[in-house]
Amino acid sequence: MSKRMYGQVCPIARSLDVLGERWTLLIVRELLLGPRRFKELLALLPAMGTNRLAERLQLLERSGVVVRRALPAAPDVRAYELTAYGERLRPLLIELATWGSELPLDDEVDPGTARAELIALYLAEHCPPDVAAGPPATYQFQVGDEVFHVRADNGVHTRSGPAPVPADLVVTCDLATFDALTRGTLDPAEAVASGALTTTGDPAALTRVFGLLRHRVPAETA
């Protein structure tokens, strides 16, 4: 595999030697949501192609950013996950998302690529500690075809897939409803009354979870 390098001692240049190639940071973004198998990464980033994905993963493995391990629930299935070193990229990517959210949308951006779990990842990581405080709870979402869960316990964390424990609340809705609820333009009770959202579990948890997952101005997250 050919590897282009800046060849500079500067730590920024050395970081970009690993992370600066096209698609690499999006692989890391996906792994912020939990372990992914190769075919799952390819399905989420189809324009990469098999060869490029394999090359990027090999570089990330050699650099200590990701590791390939057997899944606890399926020992014969191996998936990629972030190492402790790779996890240190989490706040950097979340701040990069904050910066990028202020850019105007280019005409070439496909609105169909919006995903609820990525919205939830960003909002969970930006939830202020005083808002996140409270009893531990797990919330599971089915937004269109996406299934993910949010755990509030010493912070707020979003992960792909069903909750590993019984959820306090299960929410089902479409992407437009989810987005409106996170922006505060739709009240959870109104969403339930209109049939745009259905729940299973503790109804009182609905208000809390959309207090955790809410778009905030920078002053609110400071």
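The values are calculated or read from the model by the stated rules, or taken from the named source; none is laboratory data. Every value quoted in this text rests on a predicted model; they were computed, and no experiment measured them. We place every Cβ from the backbone using ideal geometry, glycine too, and count neighbours over all the protein chains shown. Areas reflect the complete protein model, heavy atoms only, side chains present, ligands, DNA and RNA absent. Shrake-Rupley method; radii C 1.70, N 1.55, O 1.52, S 1.80 Å.
Just the number please: accessible area per residue for the chain, 1.4 Å probe, all protein chains included, in Å².
57 Å²
Any idea how far the Cα center of segment 94-115 sits from the one of segment 51-65, in Å?
25 Å
At 20 °C and 1.002 mPa s, grab the translational diffusion coefficient of the chain from Stokes-Einstein with a Kirkwood Rh over Cα pairs, rounded to a whole number in µm² per second.
113 µm²/s
Let me know the charge dipole size of segment 38-163 about its Cα centre in debye, to the nearest 20, where only the beta-carbon of Lys, Arg (+1) and Asp, Glu (-1) is charged.
Result for segment 38-163 is approximately 660 debye, rounded to the nearest 20.
Could you work out how far helix 116-125 tilts from the main Cα principal axis of the chain, as a 0 to 90 degree angle to the nearest 10?
Relative to the chain, helix 116-125 is tipped by roughly 90 degrees.
Could you tell me how far the Cα centroid of segment 120-173 sits from the Cα centroid of segment 14-31, in Å?
With segment 14-31 and segment 120-173 each reduced to a Cα centre, they are spaced 26 Å.
Give the Rg/Rh ratio for segment 113-179, taking Rg as the radius of gyration of the Cα atoms and Rh as the Kirkwood radius, to two decimals.
Rounded to two decimals, Rg/Rh equals 0.95.
Taking springs between alpha-carbon atoms closer than 10 angstrom, which of 108, 30, 95 fluctuates most in the Gaussian network model of the chain?
For the chain, modelled as a Gaussian network with Cα springs under 10 Å, the answer is 108.
Anyone know which of 34, 64, 155 comes out most mobile in the 10 Å Cα GNM of the chain?
Taking springs between Cα atoms under 10 Å, the residue moving most is 64.
What does the helix-only formula give at 222 nm for the chain: each DSSP H stretch with n ≥ 4 adding -39500 (n - 2.57), the total divided by the residues, and the result rounded to the nearest 500 deg cm²/dmol?
Theoretical 222 nm ellipticity from helices: -11000 deg cm²/dmol.
So which residue, out of 167, 205, 74, gets the largest mean-square fluctuation from a GNM of the chain using Cα contacts under 10 Å as springs?
Among 167, 205, 74, the largest mean-square fluctuation in the Gaussian network model of the chain belongs to 74.
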